[in-house]
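J.: A single structure is presented below for examination.
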Amino acid sequence: MKRTTIHTYILILSGILFSCKDQLDIQNPNQPGLASAQTESGLISLAQGGVYVNGFKELKYYDGVPGYFWSGAIGFHELMGDVIGEEAANQFGNQIGAPEYLLLDNGTRVGNPNSPAQQIALIRQANVNANAGQNTIFYEWAYMYGMNNAMNTVLNSIEQASFSGDAETKKNTVKAWAYFWKGFAYSRIGSIYYAGLINNESNKTNGNYVTKEQIIAEATANFDNAATILGAISNQADYQATLGKLIPDFNQVGKGGILAPDMWVRNINTMKARNILVNTTVKTMTAAQWNEILTLAGNGITATDLVFTGRSNENGDFLSANAGTVAAKATNNPGSGITYKISERLIQDFKPGDKRLENNFLQLASPWRGESSRGNSFNTRWQLLDGGNGLPGVVVLSNRTPGEYELILAGNYEENALMLAEAKIYSNDIEGGLQLIDEVRTYQGAGLTPVAGTGLSLEAAKEELRRERRVTLPFRGLSFYDARRWGVIDDISQGGGRTNAIVISQTGQLNTNATINYNFLDYWDVPDNELVYNPAQPGSAPTRNPK
């Protein structure tokens, strides 16, 4: 297989994350430096590596057993969203997604056996700079601000770089790239941390922490900058040539590829709709917000649009085929352990007869049970299959053959369609929403009987939507957002938790009417790894969630 190199630019800064320095230090002297960024090829390499390496792969600390961004940082989301479970204690993976307690069918209460018992207290205990790489909430912050810093360097360098051909089109393509990924980074920061930093200078920082709402507004501003630039591009040849160099060739297959400007704008609309949806509880969503989602998702990614994807290759230049994603780390791997275990609650959300379940999961002859001192919410009868069961036309959720698994980096058609469906359902267009759910199921080869036209009530339609988001969008870091906005992570005394849940007890007993009280923190505190070296200035927003 052809070897593809993603150029790596590691920004070595004084301080743990983002303190001031005048210029880039390059970790490898054979890799291009700031002077190289004054050329077209050097700047494009910086823009590429700033996303795929600084943003998703390279970091001061490594996530240990979970892995890099797409398997580790995203894995923490899927653990808290009860899509997967984990027995390993690295980065407190066995605790970050452990519910406060379970009530089994016979009324037995099984508390969280770890100390501290509650996830909120755990986060406060782990979130100290001395924990370094063991601090669960450090990773997403560091990856995303690493990406943001790299994109700042691109934008600050672009006017000094020389370009051949239509220089303006090429520069604008790189600018759109930088603004899009800055929007992506701010989106992830504002969607999980209680406060953050707005920083648009390279290799500098500030101590002015702002609210998560302001961070999301900054994400929108960057997405809008990218969309404005894309709307003015006229030289398609130079645009495509430049974007084709920014996206590694092994990611330009399947649904990945060189997005036309209008496709890219639709991708942006989907991300903007996501930011509204996942950061607003359904109880507080206003009609105006639902209408905004209707508009954005209505002009979002279509079934034929290309999107931003990631794939492995033989050399693991971006992703490891065996360990680079949550799906890979949750897949049946003969001869070695499986880091993530498939949650019984994920399987429970597949409807009877769904071919996606048949094509992707194996039911074990006897349940897998983990170490009892680490809880039993991760006990399971199910494993994720490598490459699926071969059902034609049915989506495959994991494939450990290099290049075969398609990781969605930002939005995709299914997510956009389900956001539009939810907005329709909550805006009194139940049939319109159900039709979109049917379309997504057909698109993924579910083989289910249509639900549109069956006279479902509003509550029944909401349940169809809830289940469909769970089984259509697993392993992508969206499940916790949903559990948060639906109130599932709230304490059961406040209407949270999950009832009628399937749970395998520590003795292997199948419980079909269990109750789970998660009681999770909705937005994480700012990592102490940042605050120690970059204290909050007077007037900053609170950096600790008051919950």
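A short reminder: the numbers here are calculations on the coordinates, not readings from a lab. Just so you know, these numbers come straight off a predicted model, no measurement behind them. Methodologically, a virtual Cβ is constructed for each residue, glycine included, from the backbone with ideal geometry; neighbour enumeration extends over all protein chains shown.
J.: For the chain, find the longest principal axis of its Cα atoms and tell me its angle to the long axis of helix 212-231, 0 to 90°, nearest 10.
T.: 50 degrees
J.: In deg cm²/dmol, rounded to 500, what helix-only [θ] at 222 nm does the chain give when every DSSP H run of at least 4 residues adds -39500 (n - 2.57) and the total is split over its residues?
T.: Calculated from helices alone, the mean residue ellipticity at 222 nm is -11500 deg cm²/dmol.
J.: Near GLY50, within a Cβ-to-Cβ distance under 14 Å, what is the net charge of the other residues, with Lys and Arg +1 and Asp and Glu -1?
T.: The answer is +3.
J.: Need the C-alpha centroid separation for the range 54-86 versus the range 356-388, integer Å.
T.: Value for the Cα centre distance between the two parts: 20 Å.
J.: Normalised by the residues of the chain, what does the relative contact order come to in percent, with Cα pairs under 8 Å and at least six apart?
T.: Relative CO of the chain lands at 20 percent.
J.: Expressed as a whole number of Å, what is the distance separating the alpha-carbon centroids of the range 297-322 and the range 206-232?
T.: So the separation of the two Cα centres works out to 23 Å.
J.: Oh, and also: Cβ neighbours within 10 Å, averaged per peptide: list 175-183, 300-308, 410-418, 431-439 in order, most packed at the top.
T.: Going by the mean number of other Cβ atoms within 10 Å, highest first, we get 175-183, 410-418, 431-439, 300-308.
J.: Follow-up. Work out how much length GLN506 to ALA237 would gain on full extension: take 0.36 nm times their residue separation and subtract the Cα-Cα distance, in nm to one decimal.
T.: Computed gain between GLN506 and ALA237 is 90.7 nm.
J.: In whole Hz and in residue order, list the ³J(HN,Hα) couplings for the range 370-377 that follow from phi through the Karplus curve 6.51 cos²θ - 1.76 cosθ + 1.60, θ = phi - 60°; x for Gly and Pro.
T.: Rounded to whole hertz, the list is x, 4, 4, 6, 10, x, 9, 5.
J.: Also, quick follow-up: Need one word for the range 233-377: rounded, prolate or oblate. Basis is the Cα gyration tensor (sqrt eigenvalues a ≥ b ≥ c); a/c below 1.5 gives rounded, then a/b vs b/c decides.
T.: Here the range 233-377 falls in the oblate category.
J.: Oh, and also: Where the only charges are on Cβ atoms (+1 Lys, Arg; -1 Asp, Glu), what is the dipole of the range 271-333 about its Cα centre, to the nearest 20 debye?
T.: 260 debye
J.: Could you pull out every residue, at least 5 positions away or on a different chain, whose amide H is within less than 5 Å of the one on PHE361? Hs are placed 1.01 Å off N in the peptide plane, and Pro or chain starts have none.
T.: LEU385
J.: Taking the Cα atoms only, what angle lies between the long axis of helix 261-278 and the longest principal axis of the chain, rounded to 10 degrees?
T.: Helix 261-278 and the main axis of the chain meet at about 50 degrees.
J.: Which shape class, rounded, prolate or oblate, goes with the range 398-457 when its Cα gyration tensor gives a ≥ b ≥ c as root eigenvalues, a/c under 1.5 marks rounded, and past that a/b bigger than b/c marks prolate?
T.: Judged from the Cα gyration tensor, the range 398-457 comes out oblate (a/c at least 1.5, b/c at or above a/b).
J.: Sorting check: for 367-377, 519-529, which peptide has the highest mean count of neighbouring beta carbons within 10 Å, and how do the rest follow?
T.: Highest to lowest by the protection proxy: 519-529, 367-377.
J.: Tell me the angle of helix 413-425 to the major Cα principal axis of the chain, expressed in degrees between 0 and 90 and rounded to the nearest ten.
T.: Once rounded, the angle reads 60 degrees.
J.: Can you tell me how much longer the chain between GLU168 and ARG124 gets when fully stretched, taken as 0.36 nm per residue apart minus their C-alpha distance, in nm with one decimal?
T.: Length gained between GLU168 and ARG124: 11.0 nm.
J.: Related question: Quick one: if you take sqrt(5λ) for each eigenvalue of the C-alpha gyration tensor of the chain, what semi-axes come out, biggest first, whole angstrom?
T.: 36, 27, 23
J.: Expressed as a whole number of Å, what is the distance separating the alpha-carbon centroids of the range 158-198 and the range 472-536?
T.: If we compute the Cα centre of each part, the gap is 32 Å.
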